[in-house]
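To start, the structure under review is shown below, and the notes come after it.
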Amino acid sequence: MNDHTPTKPSRRGLLKLGLAAGGAAVTGSGALAGAAPQPQAPTRSAAVVTGRRFKGWVSRGSGPARTTLEELTLRPIAGRQVLVRTEATNLCYSNTGVVLGLPPVLGPGPGGPPPAAGTAARPAAPPAGGFGRLNAMALIQGHGGVGVVEAVGPEVRRVQVGDRVCVSGTPHCGACYQCLRGRSDMCQFLGRQGPDDLVAMADMRDGTPVYANSHIGGLAEVMVTFEEWVVPVFTKAPAVDLGMVCSCVAVAGLGATTSQGTGILRPGSSVAVVGCGPLGLSAVQGARISGASAIIAIDPIRARRELALKVGATHALDPNVEGDALVAKVRELTKGPNDRLWAGGRDAGGLLGGAGADFVVEAVGADAAAPRAERGPDPTGILPLRQAYEMCAAGGDIVTTSLPRGNITLPAVLFTIGGRTHHAGQAGGCSPMRDIPRFVAMLDSGQYDAKALATTVVPIERMREAYEEVVYRTTATAIMTA
Ligand SMILES: [Zn+2]
Ligand SMILES: [Zn+2]
């Protein structure tokens, strides 16, 4: 980390290096760099860091040994690129397959129901097209992190050297079709992460070019990203806490429950959170912060239910214990004091079933490996997804956030005229530039408990063992510091 001393090149040297950097970006570019605005008069000097060495976990090929810790040499940055010294990064569960090179898990867990017709777990399709090529490239995984800006390309306006930033899993350009219509959770830069979009940001000792997955590459001492992915956060919060609240999972959980992007969680509402990993546990906290009256946390793992109760849940249910009665149990807990229709009472009966949680967050998803902690009722994540829909009250909102495997079957009448509003919650529907500073304010004011969720904290060298805790679900979340 410390073997590089930034030099102050002469004006002539800067121009020369700037040209070289620009050339590198163009030759390594695809759609993302191609979509970049034409260079304008630089507002600050060209940012060039040459020869900087750093450590990063590089993934390529297949099998459990596909990710190794390497010493890398940084390439010059240019255009809208931002160089960030990593402080902390969350080890996201969705990344486990590519980091640890684990084979896919098939079929339901012991005691679970047989897969419903059309939802049978199937082997993951072999990597094809872009994914196959990505597998062969030397990639630094990790799609988020927090750190300090070390250098910016000449076109960057959003951040300055020395700023603390969240490198957001969801970009926010502010100018694409989706951002302009108020849906930055769907920012179209999100789709510019294929093999042709990535730009080599470093080299291995043997000269192999290294790329940052998702334009982020959090599993390294530095991240090279683009302006669209960084959100400045002006806080003195400890790195681990900031890494937790700025993680993709916390952003999605808090986004689902406190942002204006999805259904509005009104104070006094009853809330069910299905799945209490770091995303669900952040949703529990968001529901508490939004003033929910009842927060029902549902998870098969005892430690996670206990954590949910600690951070704000009023009830905790084990889906393995409740079985087929889980939905009925949630309706029972949320039915209100009586069914006097003339006095605001709630009727649990009828075709459309009035009772249930006013607001449901689903955060389960498919297993990437068989858990060593308690297993859930369905490793594909389909059953809890359907239950989440069914436990929602007529007129309520459901935000889904997971990565399940298969297809879902829903009661059609409930779906067509049941008054439930479904929000497909990529990043919980949040708008990164608007919402992430708000989430950091929740941390700084003590409303969001990051320490309770970051149950494993490791330095970069111990990334692998921490990721194994994540994939086997023996920890709630792991944060890697660099
Ligand atoms: Zn993630
Ligand atoms: Zn956009």
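None of the figures in this text is laboratory data; all of them are computed from the coordinates on show. No experiment lies behind these values; they were computed from the predicted model shown. In this analysis, Cβ positions are derived from the backbone assuming ideal geometry, glycine residues included, and neighbour counts consider all displayed protein chains.
Taking packing as the residue-averaged number of other Cβ atoms within 10 angstrom, the listed peptides 461-472, 295-306, 425-436 run from highest to lowest as 425-436, 295-306, 461-472.
About its Cα centre, the stretch 134-233 has a charge dipole of approximately 340 debye under the convention of +1 per Lys or Arg Cβ and -1 per Asp or Glu Cβ, with nothing else charged. Here the gap between residue 434 and residue 208, fully extended at 0.36 nm per residue and compared with their Cα-Cα distance, gives a gain of 77.5 nm.
Lys and Arg at +1, Asp and Glu at -1: add these up for the other residues within a Cβ distance under 12 Å of residue 479 and post the number.
Details: positive: 451, 462; negative: 87, 241, 469.
Within the 12 Å Cβ shell, the charges total -1.
Looking at the square roots a ≥ b ≥ c of the eigenvalues of the Cα gyration tensor of the stretch 161-318, which shape do they give, rounded for a/c under 1.5, prolate if a/b is larger than b/c, or oblate? Since a/c reaches 1.5 and a/b is larger than b/c, the shape of the stretch 161-318 is classed as prolate. Greater than 32 Å separation of Cα atoms is the criterion. Which listed pairs, 55/451; 236/310; 335/451, meet it? Those over the limit are 335/451.
Restriction of the chymotrypsin sites (Phe, Trp or Tyr not before Pro) in the stretch 214-320 to DSSP coil positions whose beta-carbon has at most 14 other beta-carbons within 10 angstrom yields 234.
Each part gets one Cα centre, and for the stretch 361-434 versus the stretch 287-342 those centres are 16 Å apart. Rounded, prolate or oblate, given the Cα gyration tensor of the stretch 154-208, with a/c below 1.5 counting as rounded? It comes out oblate by the Cα gyration axes. Spacing of the modelled spin labels on residue 324 and residue 71, each 7 Å from Cα toward Cβ, amounts to 6.3 nm.
Computed from the alpha carbon positions, the gyration tensor of the stretch 299-348 leads to an equivalent ellipsoid with semi-axes of 27, 14, 4 Å, biggest first.
If a paramagnetic tag sat 7 Å from the Cα of residue 403 along the Cα-Cβ line, which residues of the stretch 183-198 would have the backbone N under 20 Å from that point? What the label zone holds, given the 20 Å backbone N cut-off, is 185-198. Sorting 243-250, 74-81, 410-417, 317-324 by average packing, meaning the other beta carbons within 10 Å per residue, from highest down gives 243-250, 74-81, 317-324, 410-417.
Taking 0.36 nm per residue of separation and subtracting the Cα-Cα distance, full extension of the segment from residue 441 to residue 464 would add 5.2 nm. Summing charges over all other residues whose Cβ lies under 9 Å from the Cβ of residue 274, with Lys and Arg as +1 and Asp and Glu as -1, gives -2.
Taking the Cβ of residue 376 as the center, what net charge do the other residues with Cβ under 9 Å away carry, scoring Lys and Arg +1 and Asp and Glu -1? So the environment of residue 376 carries a net charge of -3. Would you please classify the overall shape of the stretch 394-468 from the alpha carbon gyration tensor, given that a ≥ b ≥ c denote the square roots of the eigenvalues, rounded means a/c under 1.5, and beyond that prolate means a/b larger than b/c while oblate covers the rest? Here the stretch 394-468 falls in the oblate category.
Can you tell me how much longer the chain between residue 136 and residue 157 gets when fully stretched, taken as 0.36 nm per residue apart minus their C-alpha distance, in nm with one decimal?
Working: separation 21, 0.36 × 21 = 7.56 nm, distance 3.40 nm.
Taking residue 136 through residue 157 to full extension adds about 4.2 nm, to one decimal.
Here each label is just a point 7 Å from Cα along the line to Cβ, and for residue 196 and residue 332 those points are 5.7 nm apart. With the highest mean first, a sort of the peptides 375-384, 175-184, 51-60 on other beta-carbon atoms found within 10 angstrom per residue produces 375-384, 51-60, 175-184.
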